[in-house]
Amino acid sequence: MTQGETQSQVQTSSSTDTPDVSPEMKHSHDVSNGWDVVLFDLDGTLTDSAQGVINGVLHACEQLGIEPPETDVIQKFLGPPLSHSFREYAGVEASKITDAVRIYREYYDEIGKYENKVFDGIPELLTELVNQGKRLAVATSKVDYAAVSILEHFNLDHHFDVIAGADVSGEFRGTKAGVIAHALEELRMCDGTSVVMIGDREHDIHGAQSHNLPSIGVTWGYGSREELETSSATHIVESLAALSALLLPDS
């Protein structure tokens, strides 16, 4: 399957072209949209990885003899760190979480990462951001080598100065805040005055807040609008056009 074929199968969930910005969600330091550095989540923001993630979870549960979560619960695995999800949503006991994550990653590395699609319009948006002089980075809870492999597979890796993910053990970058800290360090950023974080789940928003960064919640991923509002995302957008309008207000 070619990249073009993959992208053509995916549609964003809204045709709204105007950014949805709620005044009560704006942080005091976010007085303009002149962000020079843009951090993107991966799953649910750049790509629709649901099928591969869910199949990986089901495989891990089967191998460990664990009752898999119900369909509505397993959706919650889309976004958060794996260790958190196996503990909170599958009831995996602490002594088996390492094995659950390992088995999941074995499946995902071989099969699951290709059960994935790029959201329509993402390559074009990334190209335009780079052309406008923006620095781009990925900050994902997915383990770093898997994130690099996926972005290379879809020919998106060249857009990013940094691809930051979790470390294999989760000891150093097992939270979204830790991943963002790593991304900022690799970008050689000394502060967050010109950085924005984009993601689809509360973990992305909270991770940004831990570094005093503004955030943009996108509704075409795996988190609900209510989740993004409750997390106090600085902005919420329902379409790629609305996101582009926020990131490139003068275009």
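One table, with the values for the structure above:
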item: Number of positions in region 108-123 that are touching a Ser or Thr at 6+ places or on another chain (Cβ under 9 Å) and either in a strand (DSSP E or B) or farther than 27 Å from Val57 by Cα (or both); result: 3
item: Residue count, region 70-107 (criterion: small (Gly, Ala, Ser), closer than 23 Å to Ser224 by Cα and in a helix (DSSP H, G or I)); result: 2
item: Neighbours by Cβ (under 6 Å, 6+ apart or cross-chain): first from region 59-82, in the same structural domain as Arg173 (by TED's automatic domain parsing); second at pLDDT 90 or above; result: none
item: Lone unmet requirement of (1) modelled with pLDDT under 95; (2) under 22 Å from Lys96 (Cβ atoms); (3) assigned to a helix (DSSP H, G or I) for Glu67; result: (3)
item: Condition met for Tyr107 (among the aromatic types (Phe, Trp, Tyr) and free of Cβ contacts under 8 Å to residues at least 24 places away in the same chain); result: no
item: Complete set of residues in region 127-139 that are among the β-branched types (Val, Ile, Thr) and either in contact with a helix residue (DSSP H, G or I) (Cβ under 6 Å, 6 or more places away or on another chain) or part of a strand (DSSP E or B) (or both); result: Val130, Val138
item: Residue satisfying condition, being buried (at least 19 other Cβ atoms within 10 Å of the Cβ), within 22 Å of Asp120 (Cβ to Cβ) and touching a Ser or Thr at 6+ places or on another chain (Cβ under 8 Å), within set Ser215, Ser251, Ser244; result: Ser244
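The values are calculated or read from the model by the stated rules, or taken from the named source; none is laboratory data. Just so we're clear, the structure is a prediction, and the values are computed from it rather than from any experiment. All Cβ positions, even for glycine, are placed from backbone atoms using ideal geometry, and neighbour counts span all protein chains on display.
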